[in-house]
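Take a look at the structure set out below.
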């Protein structure tokens, strides 16, 4: 099973299939869920390793951790938007959008927000693991 | 040979203050060498309410409480301080457990203590020849107020006290004795030669007298190093203008009674010609003289005595500094003194500053030290609140008093620097800074605390011991970096 197959249901769960079938198929056919998967896997891991093992802030540690999570979310949001705007199928849908069907731009926004949600969840999971290897933030945020 | 004891007799107010200084040095990590691992301070002062004596007693008790919790293998608080009662395991019930030596008759008028009114006419006449009417009426509750002729009579009785007997009982082969006194006052000037005479006397009725009389004995005597301001009204009870004449007379006596007879293995004398005025206080709780650099130099004499104990030959030593000045810092001291003092004093001072100014940063830290090694409730424990923190307050007060005195020893900047500049505290030794790293910040200490806590080196120690050992490692490293 590919990452694309694995992650597709996690995104599609939030949409009404009947209305979003075309756009969701565009994302699936272009292997975009696979890209989202690697994005969700690598971005929080990389940034949290940098946070807990390299930066190791000493002041306002919880706030700094929260800022890192916001950065991870912004990266997730921007990357998802970028990936979907580079999907030719979705671009075609955007070009042919008349106002009577689902708005592809709103779809891209929704997909990006779902990535933000999963980025946040992944960050929490990574935090629980990586903070154990930290010396100065081993109890950050809890 | 290990496990040797050093008995330190501190006579009078000066004796108390030098013992206080020695306690501060031992707390900061100065160690005695040649197998001496226990210090037994014995304070002889008839003025039992003397402010200096009581403060020193409190400091010693706090030191003991800390030592008992943290154990022996530490640099900070690493030397055992014991009372005579503790040496006897509490077997002698009427023995005080507070380092103070009871002086029989000290709460009376001098005349009462010698039963002046009960003497026959011939003896009365003899006493009248030796003592003035003022002497006979003198209230000894506050000591001998600069009258060694009174003190020599009263202090001659100390050999009959329970404390003295217990001292002789606990004395072992290899133990040594050091006596601290001032030559220009009353208690110290009279007490020192008497004590030495009794220690050197071989008496079959006194336990271990044969060992004690042949033991290594060192002494420090203070020449005048402060003056006393006259009291606001009435007659002067202690007249500092007589200090030098008293000192000369006493030295002359010491020459033939002590030096010519070679009864001392090492003699240190210290003095200063600074215009250092102490407020007039004849005794009791009013007598709280500010700590003075010379008292710390006296404490160093104790350390030097032990260091050179195998090479003493009736040695007489003076203390000197490299550069004379009114405000001394580490750089002004001689190389040996500087090496002895700079690291330990800087470590304990940094610890005091850190715990005072950076505690909130430490308690908010999400690191291993604050969350794994030493939990927050440690700071509300008796060990920390009642003993450790209070001792550090005394240490800070002691440093500040030395800084404000004349001559001033003030090697550190004001202790109010905030967390971000906490490492900028040793005069003449600023921390190295670079574009990307600010070594002045207290964060550097928290980082190191976390590093050691993370390694788990002291994880099996009790909290007080773990706390002290981790801090000790960090402070040693940081201060060495500063002093490079």
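Nothing in this text is a laboratory measurement; each read-out follows from the coordinates by a stated rule. Note that the structure is a prediction, hence the values are computed from the model and not measured. Positions of Cβ are backbone-derived with ideal geometry, glycine not excepted, and every protein chain shown enters the neighbour counts.
Please list, in order, the residues from region A:36-66 whose amide nitrogen is less than 20 Å from a point placed 7 Å along the Cα→Cβ vector of residue B:435. So the set is A:55. Over the Cα atoms of region B:336-385, the radius of gyration divided by the Kirkwood radius equals 1.12; this is the Rg/Rh ratio. With the highest mean first, a sort of the peptides A:119-127, B:468-476, B:119-127 on other beta-carbon atoms found within 10 angstrom per residue produces B:468-476, A:119-127, B:119-127. Across every pair of non-identical alpha carbons in region B:48-88, the mean reciprocal distance, once inverted, gives a Kirkwood radius of 11.2 Å.
Mind pulling the angle between the C-alpha long axis of helix B:51-70 and the longest principal axis of chain B? Nearest 10 degrees, somewhere in 0 to 90. So the inclination is approximately 40 degrees.
Remark: spin-label model distance residue B:380-residue B:427 equals 4.1 nm, labels positioned 7 Å along the Cα→Cβ axis. Measuring r between the beta carbons of residue A:70 and residue B:273 and using R0 = 51 Å, the FRET efficiency lands at 0.15.
Averaged over the residues of B:365-374, the number of partner chain Cβ atoms lying within 10 Å of the residue Cβ comes to 5. Label-to-label distance, residue B:208 versus residue B:261, with points set 7 angstrom from Cα along the beta-carbon direction: 2.2 nm. Per residue, the convex hull around the alpha carbon atoms of the protein assembly as shown comes to 205 Å³.
Over all distinct Cα-Cα pairs of region B:336-483, the Kirkwood formula returns a hydrodynamic radius of 16.0 Å.
Taking each DSSP H run with n ≥ 4 as -39500 (n - 2.57) and averaging over every residue of chain B yields -13000 deg cm²/dmol at 222 nm. Using the Cβ-Cβ distance between residue B:480 and residue B:314 with R0 set to 45 Å, the FRET efficiency works out to roughly 0.75. In this simple spin-label model, placing a label point 7 Å from the Cα along the Cα-to-Cβ direction at both residue A:121 and residue A:63 gives a separation of 3.1 nm.
With a Förster radius of 25 Å applied to the C-beta separation of residue A:54 and residue A:81, the computed FRET efficiency comes to 0.35. Remark on region A:45-112: ratio of C-alpha radius of gyration to 2.2 N^0.38 Å is 1.61.
For chain A, the longest principal axis of the alpha carbon atoms and the long axis of helix A:104-130 meet at an angle near 20°.
The listed peptides B:454-462, B:297-305, B:424-432, A:29-37, ordered by packing as a protection proxy, come out as B:297-305, A:29-37, B:424-432, B:454-462 (highest mean of other Cβ atoms within 10 Å first). Convex hull volume of the C-alpha atoms in region A:3-133, normalised per residue: 101 Å³. When the alpha carbon gyration tensor of region B:300-411 is reduced to an equivalent ellipsoid, its three semi-axes come out at 36, 18, 13 angstrom, largest first. Over every Cα atom in chain B, the radius of gyration and the widest Cα-Cα span, Dmax, amount to 23.7, 88 Å.
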